[in-house]
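Quick note: the coordinates plus some simple rules give every number you see, no bench work behind them. Keep in mind the model is a prediction, meaning the values are calculated, not measured. Don't worry about glycine lacking a Cβ; one is built from the backbone with ideal geometry, like all the others, and counts go over all protein chains shown.
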Amino acid sequence: MFDNLSDRLGNVFDRLRGRGSLNEADVREAMREIRVALLEADVALPVARRFIDAVTEKAVGQDVLRSVTPGQQVVKIVHDELVEMLGGQEHQGLLLEAKPPVVVMMVGLQGSGKTTTTAKLAKYIRERHGKKAMMASLDVARPAAQEQLAVLGEQVDVATLPIVKGQQPVDIARRAIESAKLQAVDVLMLDTAGRLHVDQALMDEMKAVAGVSNPTEVLLVVDSLTGQDAVNVAQSFSGEVPLTGVVLTRMDGDARGGAALSMRAVTGKPIKFAGTGEKLDAIEAFHAGRVADRILG
Ligand code: GDP
């Protein structure tokens, strides 16, 4: 995860730490290198700029350079600023304490990993939160999408709403809520349809589904490998549906990290989970501090 960025920053840090003393020019030179590393990682330009400005101000403005271990202190400032950029120390967990059935609506583009993530999260909710979950696929656009969720449901041992051919998303959502109530389900996961691109028909469908299901969580699933595109997709969705958070998939293959690093600053939405593989338990609660530690080695 984020290996390229990690290597680049590691080199800058080794040099900083290796020096007994540092002056302002040394810090500015290191910041230039970090800025290039962030941009190569596909971090949005304004986010990279803000980051560098914040670190530079703290590093040259205080007593850091006169301290006994200036390099060490600059590294710590970078670390803390990275945690902020990733969303802060507090993990933003799922909001599941509303009156059941609590609805978690999953949205995103086709191929982002939405259906897999729905099943992963249902399993996570059952195992980690000890709650009874149910899943329903509202994807009537992609052939066999509903069957795919049913198969995954069996694998993770979470019930899925029986498929009624020809039923439209809003009606499926209504039926799912009724069924969840009858079966005393705590958390109902709605896997909505994806599209290849953000389009108005998709947004209208999302809004209609949210209108009848009153979701407590609306989680956007995006592919971290798409870098800034993932952030742009999040911007488009958040203008239309009340997103409560983001799940970044394929973090296992992401050597760059731009999506994770820009998401919070650009969209204001917290990254709640990270997908870290194809297996159905490959999902992790997103902790900015841990991710920063991984990046900084
Ligand atoms: P959807 O079209 O958005 O519903 O996408 P799917 O859930 O069908 O996922 C598409 C592919 O991405 C599948 O082969 C998944 O196994 C894979 N996938 C999903 N999440 C992850 C992840 O976090 N890491 C990896 N490596 N693969 C993933």
Burial order of peptide ranges 54-60, 259-265 (average beta-carbon count within 10 Å, highest first): 259-265, 54-60
Dipole magnitude of the chain about its Cα centre (Cβ charges: Lys, Arg +1; Asp, Glu -1), debye to nearest 20: 340 debye
Extreme residue, positive dipole direction of the chain, given options Gly257, Gly245, Leu182 (C-beta unit charges): Leu182
Percent RCO, i.e. relative contact order, over region 68-206, from Cα pairs under 8 Å lying at least 6 residues apart: 34 percent
Gain upon complete extension [Arg32, Gln235; 0.36 nm per residue less C-alpha separation]: 70.3 nm
Whole-number percent relative contact order across region 1-146, with pairs defined as alpha carbons under 8 Å at least 6 apart: 18 percent
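Normalised by the residues of the chain, what does the relative contact order come to in percent, with Cα pairs under 8 Å and at least six apart?
Relative contact order, the chain: 26 percent.
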Members of Lys181/Lys272; Lys120/Lys269; Lys120/Lys165; Lys131/Lys181; Lys99/Lys132 lying beyond 18 Å, as alpha-carbon distances in this model show: Lys181/Lys272; Lys120/Lys269; Lys120/Lys165
Most mobile listed residue (Asp14, Asp254, Asp80) in the chain, GNM with C-alpha springs under 10 Å: Asp14
Label-point separation, Glu284 to His129 (7 Å along Cα→Cβ), nm: 2.1 nm
Estimated vicinal HN-Hα couplings, Hz - region 146-151 in sequence order (Karplus 6.51, -1.76, 1.60; Gly, Pro = x): 5, 5, 4, 5, 4, 5
Under 5 Å, built H, 5+ apart or other chain: amide partners of Val102: Val187, Leu188
Label-to-label distance, nm, for residues given as Glu57 and Arg15 (7 Å Cα→Cβ offset): 2.5 nm
Built amide H within the under 5 Å cut-off of Thr249, gap 5+: Val222, Asp223, Ser224, Gly275
Point-charge dipole on Cβ atoms (K/R +1, D/E -1) for region 174-291, about Cα centre, debye to 20: 240 debye
Neighbour net charge for Ile283 - beta-carbon separation under 12 angstrom, K R +1, D E -1: +1
For Gln110, residues with placed amide H under 5 Å, excluding near neighbours: Arg195, Leu196
Loop-located GluC sites (Glu not before Pro) in region 221-297, at most 16 other Cβ atoms within 10 Å (DSSP): Glu240, Glu278
Computed label-point distance, nm, for sites Gln155 and Gln183 using a 7 Å Cα→Cβ extension: 1.9 nm
Residue-wise HN-Hα coupling along region 111-128, computed from phi with Karplus coefficients 6.51, -1.76, 1.60 (Hz; x: Gly, Pro): x, 6, x, 5, 5, 4, 5, 4, 5, 4, 5, 4, 5, 4, 5, 5, 6, 8
Rounded to the nearest 20 debye, dipole of region 150-190 from Cβ charges on Lys, Arg, Asp, Glu: 200 debye
